[in-house]
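The structure appears below as structure tokens.
The values are calculated or read from the model by the stated rules, or taken from the named source; none is laboratory data. Predicted, not measured: the structure shown is a model, and the values here were computed from it. Glycine gets a Cβ as well: all are built from the backbone with ideal geometry, and neighbour counts include every protein chain shown. In case anyone asks, the SASA skips ligands and DNA or RNA and just uses the protein heavy atoms, side chains included. Shrake-Rupley method; radii C 1.70, N 1.55, O 1.52, S 1.80 Å.
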Amino acid sequence: MANPGRGGYKHHMANSPAAARIDPSLDLEREILRLKQDMNAVILAHYYQEGEIQDLADFVGDSLALAQQAAKTTADVIVFCGVHFMAETAKILNPERQVLLPDLHAGCSLSDRCPAPAFRAFKEKHPGAFVISYVNSSAEVKAESDVICTSSNATKIVERAPKDRPIIFGPDQHLGRWVAKKTGREMILWPGSCMVHEIFSEKKLVQLMTEYPEAEVVAHPECEERVLAHAHYVGSTKGILDYVLRSPKRSFIVVTEVGILHQMQKAAPQKTFIPAPPDNGCACNECPFMKLNTLEKLYLCMRDRTPELKMDPALREAARRPLERMLEWSA
Ligand code: 13P
Ligand code: SF4
């Protein structure tokens, strides 16, 4: 099961409705690069995308780095291969540019489980609190927040929060708990979680650790506390990637979405990366939303210039300030 390789998690969509709309003789990679040139576009991709999409992107990163790239791009069009809240973030930071995404339905369970009216009611129960929202949230929730954070800057952001005010942290309780422990700041946690990271099985992880006693465990802070307790390193996707590359160890059990293995295997083919299994009988864990994007849909969104991310200007402006504050505080 170690090093499943690209074929281990690559979807072949030859019979998909998207493929049916494409001339089968086309070289999709070449067409995508040609369209990119023609429309002066930049392709941004998250580490959880299929390897073939990551390989075509101008920039692959974690949510913070993708937001930073989006903020500084000069391209006319941003093609965002990730989930909806990430493309929305790019649009908020780039109101003048066209933002395309391969599949408009690529949502996020964390964001979906935190509807803005319920979050507003939660805030009302804690008047005077300073509100920090994880970037995995809707623009409506961002607009209710004082500052945004990602998993790579959450500690830094919480440390900068006013000391004389209680902190509300949402929507990921596991990230919140991990940051609270690291910073010593008490936080009022919205009870949300990611459906991908919350199903890693502690029992199977311990079995893998016994099978590979030399391996280090690296995990994303969206995992449950009892899973994180086994990790040698906890961090964002970029943090995990950097860690395994600089560690002298040769094998790693990776407790996050399996797409990250693509960059690990490319950068360190001599090392062994073992995906931690979820509690559902599968050998590795995929985000069903991230995996809605395919090479075919990427090509179609560029060819047809749709789906495009559009936003109400007032909402966009309301969500912009807390996002810009995050970028200032992370610099
Ligand atoms: P990163 O910010 O670490 O890339 O995480 C994004 C995400 O959605 C994790 O599930
Ligand atoms: Fe959202 Fe979880 Fe998918 Fe990340 S892995 S995009 S938090 S559902």
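Worth pointing out:
- C-alpha center-to-center spacing [the stretch 145-214, the stretch 297-315] in angstrom: 32 Å
- Mean-position separation - Cα centroids, the stretch 97-121 and the stretch 247-291, in angstrom: 26 Å
- Using a probe radius of 1.4 angstrom, the carbon and sulfur fraction of the accessible surface of the chain is 51%.
- For the chain, with +1 on Lys and Arg beta carbons and -1 on Asp and Glu, the positive-most of H174, M187, A231 along the dipole: M187
- For the listed peptides 104-115, 24-35, a ranking on the average number of other beta carbons within 10 Å per residue, highest first, reads 104-115, 24-35.
- Surface exposure of the chain, expressed per residue as accessible area with a 1.4 Å probe, stands at 42 Å².
- Set of lysines near K72 by C-alpha distance (under 29 Å), chain-local residues within fewer than 8 positions excluded: K36, K91, K142, K156, K238, K266, K291, K297, K310
- For the listed peptides 263-274, 248-259, a ranking on the average number of other beta carbons within 10 Å per residue, highest first, reads 248-259, 263-274.
- The chain, Cα convex hull volume normalised per residue, Å³: 136 Å³
- Amide H to amide H, with H built 1.01 Å from N, F289 comes under 5 Å of no residue 5 or more places away or on another chain.
- The simple Förster model, with R0 at 22 Å and r as the Cβ-Cβ distance, assigns K204 and H232 a FRET efficiency of 0.80.
- Highest mean first, the peptides 311-323, 72-84 sorted by other C-beta atoms within 10 Å per residue fall in the order 72-84, 311-323.
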